Structures are given as structure tokens and as C-alpha cells.
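Here is the structure we will look at, set down as C-alpha cells.
Any read-out appearing in this document is the output of simple, stated calculations on the displayed coordinates, not a laboratory observation. Since this is a predicted model, take the numbers as computed values, not measurements. In this analysis, Cβ positions are derived from the backbone assuming ideal geometry, glycine residues included, and neighbour counts consider all displayed protein chains.
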Amino acid sequence: MKHTISLKVNGESYEIDVQSETVLLDLIREKLDLTGTKDGCRSGECGACTVMMNGVPVNSCMVLAVEADGSEITTIEGLSKGEELHPIQKSFIEKGAVQCGYCTPGMILSAKALLDRNNDPTSEEVKKAIRGNICRCTGYQKIEEAIMDAASTMRGDEK
Amino acid sequence: MNRFDYLKPAGIKEACTILADKGSKAKPLAGGTDLLVRWRKGKISPEYLVDLKGLGLEGVSVSKDGGISIGALSTLNSLLDSEYICRNYSFLTEILDDMGSVQIRNRATVGGNICNASSTSDLAPILLALGAKAKAVALDGERELKLETFFLSPGKTVLSENEILTDIQLPPFSKKSGAVYLKMKRNAMDLALAGVAVFLTLQDEDTCAAAKIVLGAVSPTPVIVTQASDELVGARINETNIEKAADLTAKAVTLVEKEVRPIDNVRASSWYRQDVVKSLTAQAIEIAYKRALQSIKK
């Protein structure tokens, strides 16, 4: 069955037709061409498809597109301001927290969700915030460092 | 992966009517974190998904006696944000905080967790230990039932096809009580291999007035281990008498072993689960006792 839904993605409004079975992940990648959101396990385990939905992170493979009717979505493409990267993105590059890069968009959005709520997290809180994001390259250490560093930058700490 | 129609009723009556009308062809949809995985793997082939998120069943309300009613469609993370739960049922916050990932908890609901009747549910054992009630509604009216009678087998509950779980009700948590749920798992995102919920109420600093021990993930549905729980009731336990408490615990644990024949499967063997349950039960009794004692002294 076809449904017409309206939603905002990275600040832009869309009215779009989706099938009942279409998941948000496919809508974002296939219809909106925002391929920064990655297609991983499709069972809510790996976090590669993480997007923010109404301000909180969700696995876009586990949300039907029709369920996102009326919602506001932020994908990785919505974080930078033009050419200016978000502090978390900068920090991931500086700290070498990116290797193959497949988990990175989801990882950064989970980090953003954490820092939006808590701008001074402990390393334990960082680990908990990204437990739904699997990385098979870095071993997480550098990712944790990058998030802590971004938090410090965003707080405006002197270095 | 079959195709389905998505329906989103705007009211409870409409939802019940749709569910009654479509019968086994329809599945109610809450957070979808289990349902969509099962659909994708071809384990279920619903013709209709009936989204319950438009029925206003979210939120926590405090009842007159200080207990709470949790809307079935409340997400796990919304409960973590509830100050009342954090203050009065802090053990629940502890459990929720260790379930799934942030992304899952932003979608997964309490009602979904309960209605899935998964043998590995982390919520079921503690809710049973607390004596929670379930409120459900169908076309012919509402009913309230003890959670103890709710689970039939994995994936099966007493609810009929057109019945919707609306609330989980918890009694007030007494100042003389302590509760905890401990589980054994391999890593952060894993399901429990075994879990033990203990709820104790003290009469005074010495005597245990009420106790309930519930095991999760060791049998098809959560088990209330009555004999082991009874062993603690009326017993005098205090800090200077730790040895006796340890003896009682050991006795309770032996009874747990007798009452339960744990699941033997690929996730863990029966004998391993048995060992884990024994150790977890002893730890959980001690923690629950200490917590009760602390809250008496406060």
C-alpha cells in the first residue's frame, strides 16, 4: 500500500510516496540520495544506519518510512555547515578515529546525541552511548578519544 | 519477506476493531525493534501491521498510593528520563540503562517487551518480582490481570488477538524494600543467558517480611521460585549475622536449583546456566537486602 508522508530531512521538507514496507534507511539512501547513512546488518545490531529522529538516535533500518511521517530527521549530511565540518567530524579526522569509515556516520550521530544531552561525559558514558555502533577496524579507543576531544572543543575548554 | 499494509488507527476502539477484523493476519506494531527483524527474517508474515503509536498510550503516571502506571507504548529511554522512576524505582533505571543500545531504547517499548514474551526479557523478571499488573483493553471492555498469569510460552501471552496491553502497573515501592536484577551476558548488546530478580521487604532491620525471587532466561517463561523465596520470609537477617544470611541464601539457592531445569541450547548449556543462577541469586539476595537496609536507615 502506498502512503504519502511528509518529513523534514536535514532541515529540508519533503512530501514523498512510500510503500508500507519501505524502511527509513531505504527512503534516505534510495529516494533522497543521502548515501552517508550506511546499510549494515538490517537488524538493529550494528548502528551503521543510525540517524537522528526528532532529536534522538534510532536505527533507520528498524523504522518504517511511514512511521517517520511528520518527523524531523538528521543524517550525517546535515551536520556540517557547507564546507565547515562539525566539531565531532573534525575531531574524528584529527584523532584518526576513522579507518574504513563504514561505521563513522552512525558513530558520529551517536556521539552527537550524547553531547547534545551531556557536554561533559565520562569515558564510561561515551562507551555506553556508542554500544549500539559496531566498528571492526579501530578498536574504539580512538573513537572514544575523538568524542572526548570534541566534547572539550564544544565546551570551549582551553587547550 | 512478504508485503504488508500499514494501518495506524487513531483510537483504541478503532485499533481493537481492526485487530478483531483482521485476526491472525494482523500484528500490532509498537517499537518494531523485534517485529521488523522477525518479519525481515521471514519468521512472521503479517498481512497488516497495526501501529499502536497513535493511541496515546505513552507516559508514566503516578497513582494515589505512590505506585505508577506505565503506558505500554512508552519507550525504554522515556522511562530512563522519568525522574519519578529514577527516584523511587532506581533499580528499574539500572535495568533499562543496560538494555540494548541507545538507538534500540529510543524505539523499543515496555509493552512490546512484555507482549513479545521473550524468555530472555530483562523487564519481565523484575516486574514479576514487584507484583506488577497488566491492564488490557478489548472490544468488550477492559481487564486487569496479574503479570504472573500473563506469559504462556515464548511469544505467547494470555491476550487475545484483538486485545491491547495499555498499561503496566507497579505497586508503590516501600521504604523498607530493596530490589535488584542481575544478569549474565557476554557483551553489551547480548541477551541475558540467565537473570535473577530479587525483591525483599524487611519488617525491621532484622527480619525479612516478604521476598520474591524470579528467574529469567532459564526457562520458556520467567519463573517465580516460590520455595526459595519463602525460605527468606520471616527469617532474621542482619549485618552482624551475615553468616546466617549466607546460610539462608545458600539454602534458597539450592531450592532454586531444584525448582528450575534451565534451558539447554546453543547460547548456554543447562549446567552452565545452573551454576550462573546459583551465583547470581546469592549476589542478588545480598544486594537487595543491603538496599532494603539502607532505605530503612535513611
Handout entry: Computed [θ] at 222 nm, helices only, for chain A once each DSSP H run of length n ≥ 4 contributes -39500 (n - 2.57)
Key = -8500 deg cm²/dmol
Fill in the blank from the handout: In degrees, nearest 10, the alpha-carbon axis of helix A:141-155 is tilted away from the dominant principal axis of the alpha carbons of chain A by 90 degrees
Fill in the blank from the handout: Karplus-derived 3J(HN,Hα) from phi for the stretch A:60-71 (6.51 cos²θ - 1.76 cosθ + 1.60, θ = phi - 60°), whole Hz, x at Gly and Pro, runs 6, 7, 10, 10, 6, 4, 5, 5, 8, 3, x, 9
Practice task
At a Cα cut-off below 17 Å, give the aspartates and glutamates reachable from B:Lys176, other chains included and same-chain residues fewer than 8 away excluded.
Solution key: B:Asp65, B:Asp204, B:Glu205, B:Asp206, B:Glu239, B:Glu286
Problem - Relative contact order of chain B, pairs being alpha-carbon contacts under 8 Å that are 6 or more residues apart, as % - result: 15 percent
Practice task
Return the average number of partner chain Cβ atoms within 10 angstrom of each residue Cβ along peptide A:128-136.
Solution key: 4
Problem - Span from the the stretch B:166-184 Cα centroid across to the the stretch A:79-103 one, whole angstrom - result: 43 Å
Exercise for the section: Could you point to the residue in A:Gly47, B:Gly56, A:Gly96 farthest towards the positive end of the protein assembly as shown's charge dipole, with +1 and -1 charges on the Cβ of Lys/Arg and Asp/Glu respectively? Expected result: A:Gly47
Problem - Distant-in-sequence amide H partners of B:Ala72 (H built 1.01 Å from N, under 5 Å) - result: B:Asp167, B:Ile168
Problem - lysines whose Cα lies under 26 Å from that of B:Lys8, excluding same-chain neighbours fewer than 8 positions away - result: A:Lys2, A:Lys8, A:Lys31, B:Lys22, B:Lys25, B:Lys27, B:Lys41, B:Lys43, B:Lys53, B:Lys135, B:Lys156
Handout entry: Given charges at Cβ of Lys, Arg, Asp, Glu: chain B dipole, positive-most of B:Ile213, B:Tyr89, B:Thr17
Key = B:Thr17
Practice task
Starting at the first residue of the stretch B:87-96, write each ³J(HN,Hα) from the Karplus equation 6.51 cos²θ - 1.76 cosθ + 1.60 with θ = phi - 60°, in whole Hz, x for Gly and Pro.
Solution key: 7, 9, 9, 4, 5, 6, 4, 4, 5, 4
Problem - C-alpha center-to-center spacing [the stretch A:129-159, the stretch B:113-162] in angstrom - result: 40 Å
Fill in the blank from the handout: Within 10 Å of the Cβ of an average residue in B:27-33, the count of other chain Cβ atoms is 3
Practice task
Would you mind listing how long the stretch B:142-200 runs along its three principal axes, going by Cα atoms, in whole Å with the largest first?
Solution key: 37, 33, 17
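Suppose every Lys and Arg Cβ carries +1 and every Asp and Glu Cβ carries -1, with no other charges. What dipole size does the protein assembly as shown come out with about its Cα centre, to the nearest 20 debye?
840 debye
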Problem - Interchain or long-range residues, amide H under 5 Å from B:Asp5's placed H - result: B:Tyr48, B:Leu49
Exercise for the section: Could you work out, residue by residue across B:94-104, how many beta carbons of other chains sit within 10 Å of that residue's beta carbon, and then give the average as an integer? Expected result: 6
Practice task
Let me know the Rg and Dmax you get for the protein assembly as shown when you use only its Cα atoms, in Å.
Solution key: 23.3, 70
Handout entry: Qualifying chymotrypsin sites (Phe, Trp or Tyr not before Pro) for the stretch B:39-134 [loop in DSSP, other Cβ within 10 Å: at most 13]
Key = none
Problem - For chain B, with +1 on Lys and Arg beta carbons and -1 on Asp and Glu, the positive-most of B:Ile168, B:Phe4, B:Gly71 along the dipole - result: B:Phe4
Handout entry: Segments B:195-204, A:2-11, B:21-30 sorted - mean Cβ within 10 Å per residue, highest first
Key = B:195-204, B:21-30, A:2-11
Fill in the blank from the handout: Semi-axes of the stretch B:98-198 from the Cα gyration tensor (sqrt of 5 times each eigenvalue, largest first, whole Å) come to 24, 18, 12
Problem - Ranked list, fewest to most other Cβ atoms within 10 Å of each Cβ, for A:Cys61, B:Cys208 - result: B:Cys208, A:Cys61
Completion exercise
Sorted by chain and number, the residues with a modelled amide H under 5 Å from that of B:Thr157, at a separation of 5 or more or across chains, are B:Leu152
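Given Cα positions, please report Rg to Rh for the stretch B:156-240, the hydrodynamic radius being the Kirkwood one. Numbers along the way, then the final one.
Details: Rg = 16.3 Å, Rh = 15.3 Å.
Taking Rg over the Kirkwood Rh, I get 1.06.
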Completion exercise
Karplus ³J(HN,Hα) for the stretch A:115-131 (6.51 cos²θ - 1.76 cosθ + 1.60, θ = phi - 60°; Hz, whole; x = Gly/Pro) runs 5, 4, 8, 8, 8, 9, x, 7, 5, 5, 5, 5, 4, 5, 5, 10, 5
Completion exercise
Among A:Gly82, A:Gly70, A:Gly44, the residue with the largest mean-square fluctuation in a Gaussian network model of chain A built from Cα contacts under 10 Å is A:Gly82
Practice task
Sort B:160-168, B:117-125 for me by packing, meaning the mean count of neighbouring Cβ atoms within 10 Å per residue, highest on top.
Solution key: B:117-125, B:160-168
Handout entry: Longest segment of chain A lacking GluC sites (Glu not before Pro) that sit in a DSSP loop with at most 13 other Cβ atoms within 10 Å
Key = A:1-82
